[in-house]
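Okay, structure first, notes after.
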Amino acid sequence: MAAIPKTKMSLEEYFEFDKNAEGNFEYFDGEIFEMSGVSPNHARIERNLLVKTSLRATERSCEVFPANLRLRVPILPTYRYPDLSLVCGKAEFVEIGGLQCLANPVLIVEVLSDSTEKYDQGDKFREYKSIESFSEYLLISSTEKVVVLYQKHNDRFWFRSDYLSGEAFHLNTLDFDINVDELYQGVEFSQQITNE
């Protein structure tokens, strides 16, 4: 995430800015951070997960929302942009700063990059825990075949499970198994980027 070049912005200024902005921007302590464009691997992983979960979600009266949908985080005055979220039952939206934000996800997914991994597993996870309906957090690496799944046990404890190539994990929210390798179809870890 890259900071927008302005010293500080009020919450009201941020809401007005975000309504009219091209792209996604998150607010933290008066600073605005651009949710920069994703790598090809990141995009492929998002696509693979969306394809893999969409039919199952429909069968279970759930709805999958891709990136770009704002998510209400109760302990924040603002919202966050996860890579994917899932609601089972009726999706509930609240207005924050004149924008519609999803309020009741049960599953939140973040595709990790080197620059976001620490934040997604730390502060952002703590923020997401304030969402009452939230019960599963799926973190998918975009640099190696590694998946981390947190599942809520109670208000205080979450279980963490790590999965590698050749393994499968179970999403309780969809009562559905996903093979790690299926999430990485088309992903090339050895890609070299050249400037010509």
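The values are calculated or read from the model by the stated rules, or taken from the named source; none is laboratory data. Because the structure is a prediction, the values reported are computed rather than measured. FYI the Cβ positions are ideal-geometry reconstructions off the backbone, even for glycines, and counts take in every protein chain you see. Just so you know, the surface numbers come from the protein's heavy atoms only, side chains and all, with ligands and any DNA or RNA stripped out. Shrake-Rupley method; radii C 1.70, N 1.55, O 1.52, S 1.80 Å.
Yes or no, residue by residue, for (1) under 22 Å from residue 175 (Cα atoms); (2) not in a strand (DSSP E or B):
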position	(1), (2)
95	no, no
104	yes, yes
109	yes, no
114	no, yes
118	no, yes
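Summed over region 142-174, residues that are open to solvent by less than 80 Å² (accessible area, probe 1.4 Å), over 20 Å from residue 113 (Cβ atoms) and assigned to a loop (DSSP other than H, G, I, E, B) total 5. Is region 57-71 home to any residue that is over 14 Å from the mean Cα position of the chain (by Cα) and either aromatic (Phe, Trp, Tyr) or modelled with pLDDT under 90 (or both)? No - not one qualifying residue is present in region 57-71. Answer yes if at least one residue in region 94-101 is surrounded by 15 or more Cβ atoms within 10 Å (Cβ to Cβ), in contact with a Phe, Trp or Tyr (Cβ under 6 Å, 6 or more places away or on another chain), more than 28 Å from residue 20 (Cα to Cα) and of a type outside the set (Val, Ile, Thr), and no otherwise. Among the residues of region 94-101, not one is surrounded by 15 or more Cβ atoms within 10 Å (Cβ to Cβ), in contact with a Phe, Trp or Tyr (Cβ under 6 Å, 6 or more places away or on another chain), more than 28 Å from residue 20 (Cα to Cα) and of a type outside the set (Val, Ile, Thr), which makes the answer no. Taking residues in region 69-80 that are touching a residue at least 24 places away in the same chain (Cβ under 8 Å) and closer than 12 Å to residue 105 by Cβ, and partners anywhere that are small (Gly, Ala, Ser) and buried (at least 22 other Cβ atoms within 10 Å of the Cβ), the pairs with Cβ atoms closer than 7 Å and at least 6 places apart or on different chains are 69/85; 71/85.
Here is the figure for region 55-64: residues that are surrounded by 15 or more Cβ atoms within 10 Å (Cβ to Cβ) and either among the small types (Gly, Ala, Ser) or closer than 18 Å to residue 112 by Cα (or both) total 1.
Here is the figure for region 155-194: residues that are basic (Lys, Arg) and within 20 Å of residue 85 (Cβ to Cβ) total 1. Restricting attention to region 108-125, the residues being small (Gly, Ala, Ser) and without any contact (Cβ under 8 Å) to a residue 24 or more places away in the chain number 1. Take residue 90 and tell me if it is part of a loop (DSSP other than H, G, I, E, B), farther than 15 Å from residue 150 by Cβ and open to solvent by 20 Å² or more (accessible area, probe 1.4 Å). Yes. Taken over region 142-167, the residue count meeting the criterion of being at pLDDT below 95 and within 22 Å of residue 188 (Cβ to Cβ) is 3. Within the group 50, 76, 107, which residue is of a type outside the set (Phe, Trp, Tyr), within 20 Å of residue 146 (Cβ to Cβ) and either out of contact with any strand residue (DSSP E or B) (no Cβ under 6 Å at 6 or more places or on another chain) or open to solvent by 30 Å² or more (accessible area, probe 1.4 Å) (or both)? Criteria check complete, one pass: 50.
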